[in-house]
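Undergrad: If you scroll down you'll find the structure; I have some questions about it.
Just so it is clear, none of the values below were taken in a lab; they were calculated from the coordinates. The structure displayed is predicted, hence computed values, not measured ones. Using ideal geometry, Cβ is built from the backbone for each residue, glycine included, and neighbour counts are taken over all protein chains shown.
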């Protein structure tokens, strides 16, 4: 008798990258509704993503993470707490924005504790660069926001300057997470007396 493998809880919440053609995703079809889309870039263990999704059930959340084991664990957690407004994908945020997100479709992009690439020779790998922000601006809907946080002082200064000097994006009030929305990284850093540098920018409405 052939045994069938039982699907893992939350497996249906993990998106597969289409190949070889990469048309933009239709999130109305994926989620079954036309709710606003928010993206958590580097969702990690999912503490922020799931807390936010539970708090705002009428918002669709896409978590992007490059570690497959984390994706699977967050998917299982989401299934257990009935977060049906969450989808996850193993990929790089720049790749997803460039290939699979429609223009003017993201309400909010969260970038919390990205790799600071502290060595000078690696600074070019940092996520916050003008070209990346140009791409983000293209994908944000009018009035859409980018919320950024890092504990790395040097990266914070450079990223803040880059974001606030962008030709289109303008500074707005920083996002302040509730206690249950703080990421696992943030809780670890706070335990060592390190606190987040936070700032946000917004795409104009017109």
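Undergrad: Share of antiparallel DSSP beta bridges in the chain, in percent to the nearest 5?
TA: Percentage antiparallel, nearest 5: 30.
Undergrad: Another one. If you take the square roots of the eigenvalues of the alpha-carbon gyration tensor of region 161-204 and sort them as a ≥ b ≥ c, do you get rounded (a/c under 1.5), prolate (a/b over b/c) or oblate?
TA: Prolate.
Undergrad: With the cut-off at 18 Å, report for region 87-165 the share of all Cα pairs above it, as a whole percent.
TA: Distances greater than 18 Å cover 42 percent of the Cα pairs.
Undergrad: Going by average Cβ neighbours within 10 Å, how do the peptides 59-72, 96-109, 184-197 rank, with the highest at the top?
TA: Packing proxy ranking, top to bottom: 59-72, 96-109, 184-197.
Undergrad: Same structure, new question: Any number yet on Rg/Rh for the chain, C-alpha, Kirkwood?
TA: With Rh from the inverse mean 1/r over Cα pairs, Rg/Rh is 0.97.
Undergrad: Using a Gaussian network model of the chain with C-alpha springs under 10 Å, which one of 43, 94, 16 is most mobile by mean-square fluctuation?
TA: The residue that fluctuates most here is 16.
Undergrad: I would also like to ask the following. Please tell me the relative contact order of the chain in percent, rounded to the nearest whole number, where contacts are Cα pairs under 8 Å and at least six residues apart.
TA: Worked out over the chain, it gives 21 percent.
Undergrad: To continue, here is another question. What list do you get for 175, 112 if you sort them by fewest beta carbons within 10 Å?
TA: Ascending Cβ contact count within 10 Å gives the list 175, 112.
Undergrad: Here's a follow-up. Which angle from 0 to 90°, rounded to the nearest 10, does the C-alpha axis of helix 153-164 make with the longest principal axis of the chain?
TA: 90 degrees
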